[in-house]
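Right, I'll just put the structure down here and ask away after.
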Amino acid sequence: MANDEQAYDVVVLGAGVSGLYQLKRSLDLDARVLALEADTDLGGTWYRNRYPGARFDSESYTYGYSFSKELLDEWRWTERFSPQPETLRYLNFVADKFDLRPHIRFNARVLEMRWNEADARWAIRLQSGEEIATRFVVTCIGVLSKPTLPTFEGMDDFKGDAFHTYWWPSEPVPLEGRRVGVIGAGATAIQVISEIADKVGSLTVFQRRPNWSTPLHNAPIANEEMAAIRARYDEIFARCSESPGGFEHTPDRRGFWTLSKDERTAFWNHLYEQPGFALLNANFVEIFMDEEANKEMSAFVAGKIRQRVKNPRTAEKLIPKDHGFGMQRLPLETNYFEAFNRENVRLVDISETPITRVTLDGIETSEDHFDLDLIVYATGFDAVTGGFDQIDIHGTDGVRLGDKWRDGPSTYLGVMTHGFPNLLMIAGPQSVSGSSNFPRAIETGVDWVTRLLTQALDRKLTRLEARETAERGWCDTVRRTQHRMLLQNGKGWFTGYNSNVAGHEAGKPRYVAYWGGGPKYAAQLRDAEASGYSEIDMA
Ligand code: NAP
């Protein structure tokens, strides 16, 4: 058992986008603070996802932190949608500017956390065997930090290179002249395919289910434009805080059915030419709730795909038939559909001809064999709860978090969970973070958690626990938000599906996220605080 001098007040788990900000805010408190990062360096998602084509699909200037005017004035984004290397440089710039690095322990993977009721502290055990004691733990472990691989026979025997996009090596991977296979058709696969199609010898895309995807419209940011952005930052962040998705794009409230079909089509043609998530977030809200409205919207986007893909058979395979537009996380693309017009690119529909095994030389389907030099697994993540499952967390009376959340997570505001005192979550399940412009949502979460920590430290409180009744109430609220949405029928990570995770393949969602949007979520947090944290037992 650690004595007072040895124990930390706050340990932050993770040094990615949310961990860095939580660390910065915690260091501003008069407290002993440490961040633990499992990886060899900081950056989280942006440290790991080095695959070709990895970049923001949020406008860069809406993705940066908003908390420091100085930082906003000093940092210059070079592209409307920043590529991964620039984003990683940005996060390092932030860490250096606020002198965060000395407070981060790298290669510090947490294996276990146990709540010790006697001294009201968490005991954190690292992979190295070391134990660290702390009063509070703030998890900043990301929502897409546990990659998942398929389990095809023979995967280990393949003689060429093969890796999940999350583990794309930092040293250059030769592409020229090579025969490359990409498995997957999510946001990651779409970025990789678009980027490498004209750089490889041949590209075979193994697609099980297509996703809807619309143009990103990236562009460089000129000096004058950056100056104009800087002058507009207050307005930009104000707009983001008013939009459900945390972007500058805000929903069109004219009413889908008040306009004629021609007027709607003209509006969508306009949005299709706008950057980023305009077509999703500046659209009519009815497309997310009204099946007829969604059908018409989906037909519009399908028409665009048919226009862009020359081979009609291929075009049909790239158009989702099992879910409507916006029912799964929308990937944004740059010449993705045009890639399939190239001679060296082939689409294999593995829903018709499934992969039977990976061989020494490539991939075998029920119909064919594809000789490959490189296999790219763009097969997604055990999202949101996956990061928690990697840590053996024991709360009061030794109850395991994994057991409590066996049938799906339950939380209070996505920030706390009953039975696990002093455990605070940024971008936790049932928060709004994963489904919106991430930094906008996590700043709200970090600020809220930091104010709660301030209270606890100032008042010398040693134990904070969300009430069970409060948790039940929040779970009901969260469920109600999803039941209004057509996306509850989608089969993507937004609704907790991943066919590579035991239990998911049966079609059972693992969690229900909060779909009320950023402003309503922020209001819920504000109300909880204004009530004097009446739903949290404090001692
Ligand atoms: P994903 O959206 O979950 O897509 C995984 C893909 O792999 C799906 O097409 C899936 O097919 C396929 N797949 C998985 N297991 C398979 C198997 N055993 N056999 C055949 N196919 C299999 O994952 P992701 O593309 O990595 O994207 C995850 C999230 O990361 C995105 O939704 C987004 O939130 C984020 N992301 C963001 C950016 C950005 O900001 N620009 C870029 C990339 C990713 P099924 O659909 O049939 O399951």
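The values are calculated or read from the model by the stated rules, or taken from the named source; none is laboratory data. As the structure is a prediction and not an experimental result, all values here were calculated from the model. With ideal geometry, Cβ positions are generated from the backbone for all residues, glycine too; neighbour counts draw on all protein chains shown. With ligands, DNA and RNA removed, areas are computed over all heavy atoms of the protein, side chains included. Shrake-Rupley method; radii C 1.70, N 1.55, O 1.52, S 1.80 Å.
How much mean residue ellipticity at 222 nm does the chain get from its helices, if each DSSP H run of length 4 or more adds -39500 (n - 2.57) and you divide by all residues, to the nearest 500 deg cm²/dmol?
Details: 17 runs with 173 residues, N = 539.
So the helix-based figure for the chain works out to -9500 deg cm²/dmol.
Can you list the residues, at least 5 places off or on another chain, whose amide H is less than 5 Å from the amide H of Val12, using H built in the peptide plane?
Those lying under 5 Å, H to H, from Val12 are Leu34, Ala35, Leu36, Val138.
From the Cα gyration tensor of the stretch 381-468, with a ≥ b ≥ c the square roots of its eigenvalues, which class applies: rounded if a/c is under 1.5, or else prolate if a/b is larger than b/c, or else oblate?
Values: a/c = 2.21, a/b = 1.06, b/c = 2.07.
In terms of gyration-tensor shape, oblate.
Just the projected area, averaged over all directions, of the convex hull on the alpha carbon atoms of the stretch 186-267: how many nm²?
Numbers: hull surface 37.8 nm².
The directionally averaged projection comes out at 9.5 nm².
On the first, second and third principal axes, largest extent first, how far apart are the outermost C-alpha atoms of the stretch 231-338 in Å?
In descending order, the Cα extents are 48, 31, 23 Å.
Given a cut-off of 47 Å, what percent of all Cα-Cα pairs of the chain lie beyond it? Could the numbers behind the result be given before it?
Details: 15235 of 144991 pairs.
The calculated P(r) of the chain puts 11 percent of pairs beyond 47 Å.
So how do Lys24, Lys321 rank on accessible area, 1.4 Å probe, biggest first, that is with the largest at the start? It would help to have the intermediate numbers written out before the result.
Values: Lys24 35, Lys321 135 Å².
Greatest to least solvent exposure: Lys321, Lys24.
Taking only the C-alpha atoms, wrap a convex hull around the stretch 13-107 and report its volume per residue in Å³ as a whole number. Kindly include the intermediate steps, with their values, before the conclusion.
Details: hull volume 8.5 nm³, N = 95.
Considering the Cα atoms of the stretch 13-107, their hull volume per residue is 89 Å³.
While we're looking at this one, here's another question. Using θ = phi - 60° and the Karplus form 6.51 cos²θ - 1.76 cosθ + 1.60, what ³J(HN,Hα) does each residue of the stretch 106-116 get, whole Hz, x for Gly and Pro?
My calculation for the stretch 106-116 gives 8, 6, 10, 6, 8, 9, 8, 9, 10, 7, 10 Hz in order.
Now for a separate question. Using each residue's phi in the stretch 311-317, evaluate 6.51 cos²θ - 1.76 cosθ + 1.60 at θ = phi - 60° and report the 3J(HN,Hα) Karplus result to the nearest Hz, with x for Gly and Pro.
With the stated coefficients, the stretch 311-317 comes to 7, x, 5, 5, 4, 4, 6 Hz.
If you average the sequence gap of Cα pairs under 8 Å that are 6 or more apart and divide by the length of the stretch 329-428, what percent do you get for the contact order? Can you show the working numbers first?
Numbers: 73 pairs, mean separation 11.5, N = 100.
Answer for the stretch 329-428 is 12 percent.
So, one more: For the stretch 259-416, take N as its residue count and report Rg(C-alpha) divided by 2.2 N^0.38 Å.
On the way: Rg = 21.4 Å, N = 158, 2.2 N^0.38 = 15.1 Å.
Cα-based Rg divided by the globular estimate yields 1.42.
In whole percent, what relative contact order does the chain give with Cα contacts below 8 Å and a gap of six or more residues? Please report the intermediate quantities before stating the final value.
On the way: 1049 pairs, mean separation 104.9, N = 539.
Reported relative contact order: 19 percent.
Still on this model: Using modelled amide H (1.01 Å from N, peptide plane; none on Pro or chain starts), what sits under 5 Å from the amide H of Phe325, excluding residues fewer than 5 places away?
Distant-sequence amide H within range of Phe325: Ser298.
Return the carbon/sulfur percentage of the accessible area of the stretch 175-258, one whole number, probe 1.4 Å, all protein chains in place.
Values: 1770 of 3600 Å².
Carbon and sulfur together cover 49 percent of it.
When you take every Cα atom in the stretch 245-302, what is the radius of gyration, and what is Dmax, the widest Cα pair distance, in Å?
Radius of gyration, then largest Cα-Cα span, for the stretch 245-302: 10.6, 29 Å.
Continuing with the same structure: No solvent, one uniform scatterer per C-alpha: report log10 I(q)/I(0) for the stretch 391-539 via the Debye equation at q = 0.11, 0.15 1/Å, two decimals.
Computed log10 I(q)/I(0) values: -0.43, -0.79.
Amide H of Asn116: which non-local residues (sequence gap of 5 or more, or other chain) have their own amide H closer than 5 Å, using H built in the peptide plane?
For Asn116, whose amide H was placed from the backbone, the distant partners under 5 Å are Arg121, Trp122, Ala123.
Additional query: Based on DSSP loop calls and a cut-off of at most 15 other Cβ atoms within 10 Å, the longest stretch of the chain free of exposed GluC sites (Glu not before Pro) is what?
Working: sites that count: Glu5, Glu117, Glu130, Glu153, Glu176, Glu273, Glu343, Glu352, Glu367, Glu505.
In short, 368-504.
Accessible area per residue for the chain in Å², computed with a 1.4 Å probe and the full protein assembly in place, what is it?
Per-residue value: 41 Å².
Got a sec to turn the phi values of the stretch 424-439 into Karplus ³J(HN,Hα) couplings, 6.51 cos²θ - 1.76 cosθ + 1.60 with θ = phi - 60°, whole Hz, x for Gly and Pro?
Along the stretch 424-439, the couplings run 10, 10, 9, 6, x, x, 6, 8, 9, 4, x, 9, 9, 4, 3, x Hz.
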